[in-house]
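For reference, the structure discussed in these notes is given below.
The values are calculated or read from the model by the stated rules, or taken from the named source; none is laboratory data. The shown structure was predicted, so the numbers you read here are calculated from the model rather than taken from an experiment. Glycine gets a Cβ as well: all are built from the backbone with ideal geometry, and neighbour counts include every protein chain shown.
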């Protein structure tokens with residue numbers, strides 16, 4: 001059936017800009033062939049390139065106008081109505097776009113890429129962070145990563161955690177690295193500055209899952225997944241301790257949750273840390289969790305050769321330790 005319509009879809013450019021709102025507007029008249037259909041059914045017929053869930057979302061968001069009004073999805077069309085729909089892509093639709101974001105590449109070959117991530121950089125697009133992420137930067141650095149799930153990302157660091165992570169450049173390499181993570185043969189060591197004086201190292205073996213009330217947080221809960229972290233003392237100060245943590249598992253926020261559970265929350269942690277405004281100007285003023293992924297070790301996916309890398313502490317963390325040492329008279 002020929003659905004001849006008056007389509008004044010303005011601007012079909014590939015280089016779409018969210019700032020150019022007029023370019024996303026599509027105006028047409030509902031064909032007579034759609035008479036009697038629900039509006040959501042008519043939209044699905046007129047715009048088969050978009051999913052029904054997306055069209056429903058546009059209806060709820062008020063991005064669909066019919067004869068100057070905002071109808072609901074169940075409205076029956078008669079044919080001949082003037083339809084106006086805003087086809088601007090949602091931010092999540094742009095999440096896989098390449099962006100020229102600088103990367104600190106520690107190592108790269110045909111199979112893997114090791115990145116020294118700065119604090120403040122989100123690893124993977126998600127709610128509230130649909131662009132400007134490590135994934136976007138990777139797609140610009142190596143466009144071939146567009147053919148690898150999640151652009152080759154196999155593990156993550158929190159936004160405000162700095163340090164090393166590995167990216168797979170091929171699907172076989174990604175599969176191999178995931179298996180190494182599952183087999184716990186990937187070595188991941190972190191430096192963390194924690195509140196309080198730690199007498200000696202220990203192993204925290206406590207399951208982690210979603211907080212039963214605050215769903216954006218993780219917590220030690222009996223129904224959680226197995227999680228284990230080893231830590232040892234690297235340097236003591238009067239009111240905090242520099243510890244080295246080694247992950248045996250890789251749960252979300254694992255070190256932050258486990259150290260808080262052990263009674264030593266990370267300095268600067270806005271979620272699991274001690275309350276700010278404690279009177280300690282230096283520690284209260286540190287703007288992020290004091291956590292750095294300083295060492296990464298694994299078997300190369302091709303050839304199985306053991307490899308490892310180290311990352312120096314970033315400037316803010318290093319400066320904090322230097323000030324603490326001065327206070328101690330060191």
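Here are the criteria: (1) assigned to a loop (DSSP other than H, G, I, E, B); (2) surrounded by fewer than 20 Cβ atoms within 10 Å (Cβ to Cβ); (3) not assigned by TED's automatic domain parsing to the domain that holds residue 298. Tell me which single one residue 157 does not satisfy.
(2)
So, in region 98-130, of the ones that are surrounded by fewer than 17 Cβ atoms within 10 Å (Cβ to Cβ) and touching a helix residue (DSSP H, G or I) at 6+ places or on another chain (Cβ under 8 Å), which residue ends up nearest to residue 289 (Cα to Cα)?
124
Given the structure, is residue 192 surrounded by 15 or more Cβ atoms within 10 Å (Cβ to Cβ), without any contact (Cβ under 8 Å) to a residue 40 or more places away in the chain and in contact with a helix residue (DSSP H, G or I) (Cβ under 9 Å, 6 or more places away or on another chain)?
no
Exactly one of (1) within 29 Å of residue 106 (Cα to Cα); (2) part of a loop (DSSP other than H, G, I, E, B); (3) touching a residue at least 40 places away in the same chain (Cβ under 8 Å); (4) within 25 Å of the chain's Cα centre (by Cα) is unmet by residue 302. Its number?
(4)
For residue 156, which of the numbered conditions (1) touching a helix residue (DSSP H, G or I) at 6+ places or on another chain (Cβ under 7 Å); (2) free of Cβ contacts under 8 Å to residues at least 40 places away in the same chain fails to hold?
Single failed check for residue 156: (1).
In region 230-263, what residues are surrounded by 18 or more Cβ atoms within 10 Å (Cβ to Cβ) and within 18 Å of residue 163 (Cα to Cα)?
Result: 231, 242, 243, 245, 247, 251, 253, 254, 255, 256.
For residue 188, state whether it is assigned to a strand (DSSP E or B) and either in contact with a strand residue (DSSP E or B) (Cβ under 7 Å, 6 or more places away or on another chain) or farther than 29 Å from residue 307 by Cβ (or both).
yes
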